[in-house]
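Peer 1: Got a structure here, written out as structure tokens. Questions coming.
Bear in mind that the values in this text are calculations on the coordinates, not laboratory data. What you are looking at is a predicted structure, and each value in this text was computed from that prediction instead of being measured. Using ideal geometry, Cβ is built from the backbone for each residue, glycine included, and neighbour counts are taken over all protein chains shown.
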Amino acid sequence: MEMKRPRRFGVHIDGKFIDLSGSLKAGQRQGKTIWTASYKHRGPGASIFYVEPEPYWEPAEGKYIIHYSKVIVDAGASGKEWDAMVGAPVEIEPLTRPTGLWTGNLFTGIVRKDGKPVPFAEVKVEFVNDGSVRPPNDAFVTQVLKADANGVFSYAMPRAGWWGFAALIESADKMKAPDGKEAPVELGGLIWVKATNFPLNRAAGQPR
């Protein structure tokens with residue numbers, strides 16, 4: 001999809017929010033606008049990068065989509081502050097540390113809206129496919145699950161690479177569609193998690 005300049009982009013470190021929107025640079029990929037930035041974190045600790053996009057009109061579904069995304073980068077494998085929240089309207093609180101995960105590990109989180117758990121929230125899971133995986137059909141592209149009565153969900157990542165977890169909630173507010181009519185708004189809390197293959201150690205003299 002075409003992405004306009006984000007409304008907010010920044011990083012959360014040691015309880016502080018740093019605005020990085022001025023570092024964004026526009027680019028092109030597959031005919032669509034993308035946004036990139038570079039940032040150097042000094043010292044060990046978790047950096048939580050977050051972005052709030054402009055509302056995106058999805059004509060196929062007849063609604064606006066706003067997905068608040070975040071990813072945790074732990075410099076020096078400190079293991080600290082990986083569960084800090086950035087205060088998005090809809091957000092996934094990780095219960096599993098989202099860094100240093102092996103393929104097959106279970107990722108668990110809580111879906112929160114305005115800070116409160118969302119019972120039975122829908123969560124969609126997708127793998128960033130590099131072309132090496134051929135899904136049998138579209139049902140395998142997007143995995144769908146529901147959180148429990150406390151807003152908690154879990155998913156085991158079966159392949160190495162990046163996985164996106166999106167908790168989807170319909171907003172009580174409406175927006176005007178391009179035709180001037182009121183349209184629903186989908187809010188999403190998205191967290192990116194990376195799984196890494198477990199290395200197989202071989203004994204000396206054992207064939208590779």
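Peer 1: Test of understanding: among SER21, SER78, SER69, which residue is under 26 Å from ASN197 (Cα atoms) and more than 16 Å from the chain's Cα centre (by Cα)?
Peer 2: Going through SER21, SER78, SER69 in turn, just one is under 26 Å from ASN197 (Cα atoms) and more than 16 Å from the chain's Cα centre (by Cα): SER78.
Peer 1: Okay, moving on. When you go through (1) of a type in the set (A, V, I, L, M, F, W, C); (2) without any contact (Cβ under 8 Å) to a residue 60 or more places away in the chain; (3) buried (at least 17 other Cβ atoms within 10 Å of the Cβ) one by one for PHE165, which number turns out not to apply?
Peer 2: Of everything listed in (1) of a type in the set (A, V, I, L, M, F, W, C); (2) without any contact (Cβ under 8 Å) to a residue 60 or more places away in the chain; (3) buried (at least 17 other Cβ atoms within 10 Å of the Cβ), PHE165 misses just condition (2).
Peer 1: Consider SER154 carefully, then state whether it is of a type in the set (S, T, N, Q), closer than 19 Å to ILE72 by Cα and either surrounded by fewer than 16 Cβ atoms within 10 Å (Cβ to Cβ) or under 17 Å from the mean Cα position of the chain (by Cα) (or both).
Peer 2: Answer is yes for this residue.
Peer 1: If you don't mind, there's one more thing I want to ask. For the stretch 60-136, which fully contained strands (runs of 3 or more DSSP E) count at least 3 residues that are crowded, with 18+ Cβ neighbours inside 10 Å and hydroxyl-bearing (Ser, Thr, Tyr)?
Peer 2: 63-75
Peer 1: Out of the stretch 30-51, which residues are part of a loop (DSSP other than H, G, I, E, B), among the polar types (S, T, N, Q) and closer than 15 Å to VAL11 by Cβ?
Peer 2: SER38
Peer 1: Assess whether VAL86 counts as being hydrophobic (A, V, I, L, M, F, W, C), closer than 15 Å to VAL11 by Cβ and touching a Ser or Thr at 6+ places or on another chain (Cβ under 9 Å).
Peer 2: Criteria not met by VAL86.
Peer 1: Take the conditions surrounded by fewer than 16 Cβ atoms within 10 Å (Cβ to Cβ) and either in contact with a His (Cβ under 6 Å, 6 or more places away or on another chain) or closer than 30 Å to LYS146 by Cα (or both) and apply them to GLY43. Does it pass?
Peer 2: Values: surrounded by fewer than 16 Cβ atoms within 10 Å (Cβ to Cβ): yes; either in contact with a His (Cβ under 6 Å, 6 or more places away or on another chain) or closer than 30 Å to LYS146 by Cα (or both): no.
Answer is no for this residue.
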